[in-house]
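**Student:** The structure that follows is given in the form of structure tokens.
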Amino acid sequence: GEKYLRTLNVKCTSAALKQHGLGVVASSVNVSYKILAKKFQQFTQFLAADYVKSLLAKEVRWYMHQKNDGNSIYPFERAASLAKEINKQGQTSSGITVLDQCRIFLTEMGNIIAFVRIMRASKRKVLTDQMPFLPSSVDPMLGKIDFFEESGSHAKFEMEVCVTAILNKPDPDYIRAFVNVFKGVVSKSDNSFMNGFFCMVPALCLCWMESSLQGKEMMHKKNITKGGYYVDDGFAVGLSFCLSVLGQVKQYESLNWFKSIQSKYAADEDDLVEKKNAEEVKRNAKISAAKQSSWFVSGTNEKEQDEDYDELTMLKMMRKRLEGNRREMAMLFFSLHGAQSFFKDIRSSS
């Protein structure tokens, strides 16, 4: 792996726009749209597979039955079971599971949307940096410009028209345009196989958590491969984008998936604490009994103490892993909540 981390931010892209011109923005957005359309098509092909359709239809029926009975919390065990059922279909040609492939599609779509947002923010930064060079008599609210005291100059008139058009031109919202375009395409086609996508979100979240933990563990190794990374926010953005396009945001929120995760990890932590306390009491009792015993059974007592120590070490490792899982899922839900704000106005207006 490389020793340095390569990043792309607004400062870099705004410097590139100043050098190459703002025309690069339109070309970049156009290319990004084509790539996004290709990734979304691959995503829909995954949902259109027969085994995925049958599993999601079964999951939707089960959840609706539970919801009618008053159980509106999607259980953790159900999500893990669905992930295992989907992964039973084997691996792709690249050697990853089917669910991982869907997760990668969502991550790539989220990264594309983030890139488009960076380009728009960079364009705004460039225009903001150029505003101080305009004459002080420019009033963007009134749209009237008076550069010279003399009038009648044709060049002056053309300059006024151009600058006024730039100031009054609305800044295009590319993300809103993407969502509206994809919504129109989905609504015109037979998308019944996509209706159960919201039930697959918990399984995708568990898949993302495992992949994120593996990527961070790879960062601590000496030979870092392509699978090593320390953050993956693209999945949250891509997931929010697909939920907005499919109109399933409220259905996903009705799963109460975050509450289910919190309850699951809280119960696991209480169970581990109880087991740890029981092992410590058992170990202390054996130590007290060993002190009162004769010298010829000391070897047996030491062996039992080592076994108790191994058990406590295992419980500590399990608790550390549980804390890691809880931290990763909390970061995912925070990122997902923030990403949903990108499409909030679009949902409310549609």
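The values are calculated or read from the model by the stated rules, or taken from the named source; none is laboratory data. None of the values given here were measured: they were computed from a predicted structure. Note that each Cβ is placed from the backbone with ideal geometry, even for glycine, and that neighbours are counted across all protein chains shown. Accessible surface is based on the protein model in full, side chains and every heavy atom, while ligands, DNA and RNA are left aside. Shrake-Rupley method; radii C 1.70, N 1.55, O 1.52, S 1.80 Å.
Residue by residue, here is whether (1) at pLDDT below 70; (2) more than 23 Å from Ser240 (Cβ to Cβ); (3) open to solvent by 90 Å² or more (accessible area, probe 1.4 Å) holds:
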site	(1), (2), (3)
Met64	no, yes, no
Lys84	no, yes, yes
Val98	no, no, no
Glu108	no, no, no
Ala121	no, no, no
Glu160	yes, yes, no
Tyr174	no, no, no
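**Student:** Another question about this same structure. Looking at the range 219-237, which of its residues are modelled with pLDDT of 75 or more and hydrophobic (A, V, I, L, M, F, W, C)? Don't jump to the end; show me each part of the working.
**Tutor:** Just the residues of the range 219-237 that are modelled with pLDDT of 75 or more, to begin with: 231-237.
Residues satisfying the conditions are Val231, Phe235, Ala236, Val237.
**Student:** Could you please tell me which pairs satisfy a Cβ distance under 9 Å, a separation of 6+ or placement on different chains, a first residue in the range 228-247 that is without any contact (Cβ under 8 Å) to a residue 12 or more places away in the chain and open to solvent by 10 Å² or more (accessible area, probe 1.4 Å), and a second residue that is not in a loop (DSSP other than H, G, I, E, B) and not aromatic (Phe, Trp, Tyr)?
**Tutor:** These pairs meet every condition: Val231/Ser212; Val231/Gly215; Val231/Lys216; Val231/Met331.
**Student:** Another question about this same structure. In the range 52-59, is there at least one residue being in a helix (DSSP H, G or I), among the hydrophobic types (A, V, I, L, M, F, W, C) and out of contact with any Phe, Trp or Tyr (no Cβ under 9 Å at 6 or more places or on another chain)?
**Tutor:** The first filter runs over the range 52-59 and keeps only residues in a helix (DSSP H, G or I), leaving 52-59.
Applying the additional criterion that residues be among the hydrophobic types (A, V, I, L, M, F, W, C) yields 52, 55-57.
From the residues that got through so far, the ones that are out of contact with any Phe, Trp or Tyr (no Cβ under 9 Å at 6 or more places or on another chain) too are 55.
Checking the range 52-59: at least one residue is in a helix (DSSP H, G or I), among the hydrophobic types (A, V, I, L, M, F, W, C) and out of contact with any Phe, Trp or Tyr (no Cβ under 9 Å at 6 or more places or on another chain).
**Student:** Can you tell me which of Val273, Val245 is touching a Lys or Arg at 6+ places or on another chain (Cβ under 7 Å) and assigned to a helix (DSSP H, G or I)? Let's see the steps before the verdict.
**Tutor:** Details: Val273 fails: touching a Lys or Arg at 6+ places or on another chain (Cβ under 7 Å).
Residue meeting the stated conditions: Val245.
**Student:** I'm checking my understanding of the structure. Among residues of the range 248-270 that are assigned to a helix (DSSP H, G or I), aliphatic (A, V, I, L, M) and under 19 Å from the mean Cα position of the chain (by Cα), which one is farthest from Lys320 (Cα to Cα)? Let's see the steps before the verdict.
**Tutor:** Our first condition is that a residue be assigned to a helix (DSSP H, G or I); within the range 248-270, this holds for 249-253, 257-270.
Those left that are additionally aliphatic (A, V, I, L, M): 249, 261, 266-267.
Checking which are under 19 Å from the mean Cα position of the chain (by Cα) leaves us with 249, 261.
On the way: Val249: 33, Ile261: 17 Å.
That would be Val249.
**Student:** Let me ask another. So which residues in the range 279-303 are of a type outside the set (Ser, Thr, Tyr), at pLDDT 70 or above and loosely packed, with under 12 Cβ neighbours inside 10 Å?
**Tutor:** Step one: filter the range 279-303 for residues of a type outside the set (Ser, Thr, Tyr), giving 279-287, 289-292, 295-297, 299, 301-303.
From what is left, the residues that are at pLDDT 70 or above are 279-287, 289.
Within the range 279-303, Val281, Asn284, Ala285 qualify.
**Student:** Let me ask something additional. Report, by residue number, each residue of the range 85-102 that is charged (D, E, K, R) and closer than 19 Å to Leu239 by Cβ. Please lay out each step first, then the result.
**Tutor:** Step one: list which residues in the range 85-102 are charged (D, E, K, R), which gives 85, 88, 100.
Residue satisfying the conditions is Asp100 alone.
**Student:** Cβ-Cβ distance below 6 Å, separation of 6 or more or different chains: which pairs start in the range 311-323 with a residue that is of a type outside the set (Lys, Arg) and end on one that is modelled with pLDDT under 90 and open to solvent by 70 Å² or more (accessible area, probe 1.4 Å)?
**Tutor:** Close Cβ pairs satisfying both conditions: Leu315/Lys275.
**Student:** What number of residues in the range 33-60 are within 24 Å of Asn111 (Cα to Cα) and crowded, with 18+ Cβ neighbours inside 10 Å? Before you say what the answer is, go through the steps one by one.
**Tutor:** Narrowing the range 33-60 to residues within 24 Å of Asn111 (Cα to Cα): 33-48.
Next, only the ones that are crowded, with 18+ Cβ neighbours inside 10 Å stay: 36, 39-40, 43-44, 47.
The total comes to 6.
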